[in-house]
Amino acid sequence: MNCLLRRLLASLAILLVAAHAHAYEAGWVQIQTAGATPGAPTTTVALYYPTMAAPRAIAMGPFALEVAIGGKPVDKVKALILLSHGIGGTELGHSSLAQALARNGYLVAALRHPGDNWQDRSLMEKTPEHYFDERPRQASRVIDAILADPAWKARIATDSQGPRVGALGHSAGGYTVLALAGARPDLPRMRQHCLAEASEDPIFCSLGRPGLAMPPLSETTSPLKDGRVRAIVAMAPTGVPLNAESMATVGAATLIYEAELDRFLVPRFHAEWVASKLPAANLHRVPNAWHFAFMDTPSMALPSPDGDVAANPPGFNRDAFLKQLAIEVTAFFDKALL
């Protein structure tokens with residue numbers, strides 16, 4: 001009898017977990033947040049959030065979403081998660097992950113980085129010396145805007161430290177969230193790397209103008225760290241532009257993902273190096289994966305310096321991996337923020 005009771009209780013627990021995991025659908029709305037100055041262009045942000053409204057499948061450019069557009073948000077969300085895309089990317093490129101977080105109770109704010117998106121590359125092309133400074137500032141301004149909006153601020157769970165905030169990023173977005181957590185850019189280090197290792201890290205060293213003699217950031221430059229960000233996930237992050245000593249000061253909970261066969265950002269110079277310098281590294285290596293494994297598969301060919309964004313190594317199942325990634329990232333934020 002006791003054995004049967006234990007089995008029944010275990011089965012009930014599994015059902016309750018499954019029910020909780022699917023308690024919500026993903027809502028979606030696009031907003032505009034203010035730029036750095038009153039006259040600056042606004043920033044486009046896609047918000048993914050938990051809702052009880054019914055979703056529908058919809059294509060947005062080359063990416064497919066399953067969301068309730070404009071659906072009423074639930075009264076409370078677990079936390080705000082800032083999502084930063086990679087170089088020349090889009091706020092829609094990680095929609096499956098953002099939707100999974102929303103279904104599990106999170107508000108995800110995915111920004112389209114001004115001057116560094118699929119429509120506009122001016123930040124790197126015109127002012128590369130400001131690229132690694134401006135990206136985290138753009139992300140912090142989006143956090144500012146969400147927390148200043150009474151409709152969203154009231155919904156975000158708080159504790160003695162204030163609103164619960166995390167950040168998630170891929171590639172240059174991985175750099176961005178590391179900077180939010182306290183890592184600092186070191187532009188002369190990047191130049192030295194590309195002078196010495198261009199043949200071993202060719203794609204990174206061909207982007208923008210990393211060989212330029214860029215000066216270090218001024219000591220008077222305001223810090224990039226955003227103390228509101230308590231936990232970060234960096235997927236195949238850009239690591240070369242970061243200062244090693246500053247990495248040791250990162251106090252946020254961290255989860256680093258490495259794509260084993262990454263040619264865009266060779267892991268030993270980027271993801272692995274980042275993990276080796278953090279005080280409490282949590283490195284997950286994704287076997288047989290290329291750089292864009294963390295993005296949704298687009299419906300059309302999208303060229304990149306490393307070939308088609310939609311392509312995978314033989315035998316790699318991106319859809320299956322993204323489902324597992326969503327489980328792992330959700331569990332990480334649940335543990336780190338709640």
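The values are calculated or read from the model by the stated rules, or taken from the named source; none is laboratory data. Just so it is clear, the structure is predicted and the values come from calculations on it, not from any experiment. A quick note on method: Cβ atoms are made from the backbone with ideal geometry, for glycine too, and the neighbour counts reach across all protein chains shown. When the accessible area is computed, the model is the full protein with side chains, heavy atoms only, and any ligands, DNA or RNA have been set aside. Shrake-Rupley method; radii C 1.70, N 1.55, O 1.52, S 1.80 Å.
Brief remarks on what is shown
- Only one item in (1) 28.0, 114; (2) 21.8, 74; (3) 19.9, 75 matches Rg and Dmax of the Cα atoms in Å derived from the coordinates shown, and that item is (3).
- Considering only 86, 161, 177, and ranking their Cα positions along the charge dipole of segment 71-182 that arises from unit charges at the beta-carbon of Lys, Arg, Asp and Glu, the one farthest toward the positive end is 161.
- Across the cross-link table entries 153/277; 78/323; 72/126; 76/323; 126/153; 225/335, which are compared at the Cα atoms, the separations over 32 Å belong to 153/277; 72/126; 126/153.
- Rolling a 1.4 Å probe over the protein chains gives residue 194 an accessible area of about 20 Å².
- Top of 78, 277, 126 by mean-square fluctuation, Gaussian network on the chain, Cα under 10 Å: 126
- Put simply, the amide H of residue 311, placed in the peptide plane, has no neighbours under 5 Å, leaving out anything fewer than 5 places away on its chain.
- DSSP bridge analysis restricted to the chain gives an antiparallel fraction near 45%, rounded to the nearest 5.
- Estimated [θ] at 222 nm from DSSP helical runs (n ≥ 4, -39500 (n - 2.57)) normalised by residues in the chain, nearest 500: -10000 deg cm²/dmol
- Two-site FRET efficiency, residue 137 against residue 158, from Cβ-Cβ distance with R₀ of 22 Å, rounded to 0.05: 0.35
- Three-way shape call for segment 92-190 based on the alpha-carbon gyration tensor, with the a/c threshold at 1.5: prolate
- Gain on full extension, evaluated as 0.36 nm per residue between residue 327 and residue 58 minus their Cα-Cα distance, stands at 94.5 nm.
- Percent carbon-and-sulfur accessible area, the chain, ignoring ligands, DNA and RNA, probe 1.4 Å: 58
- Taking all protein chains into account, the per residue accessible area for the chain stands at 44 Å² (1.4 Å probe).
- Global geometry of segment 181-338, whether rounded, prolate or oblate, following the gyration tensor of its Cα atoms and the 1.5 cut on a/c: oblate
- Electrostatic tally near residue 71: other residues with Cβ closer than 13 Å to its Cβ, Lys and Arg +1, Asp and Glu -1, net +1.
- Dipole-positive endmost among 204, 254, 265 within segment 130-279 (Cβ charges, Cα centre): 254
- Computed extension gain for residue 198 through residue 66, at 0.36 nm per residue and net of the alpha carbon distance, reaches 43.4 nm.
- What the Cβ-Cβ distance of residue 335 and residue 249 gives, at R0 = 35 Å and to the nearest 0.05, is a FRET efficiency of 0.95.
- Remark: spin-label model distance residue 308-residue 130 equals 3.8 nm, labels positioned 7 Å along the Cα→Cβ axis.
- When only the Cβ of Lys, Arg, Asp and Glu is charged (+1, +1, -1, -1), the dipole of the chain relative to its Cα centre reaches about 960 debye.
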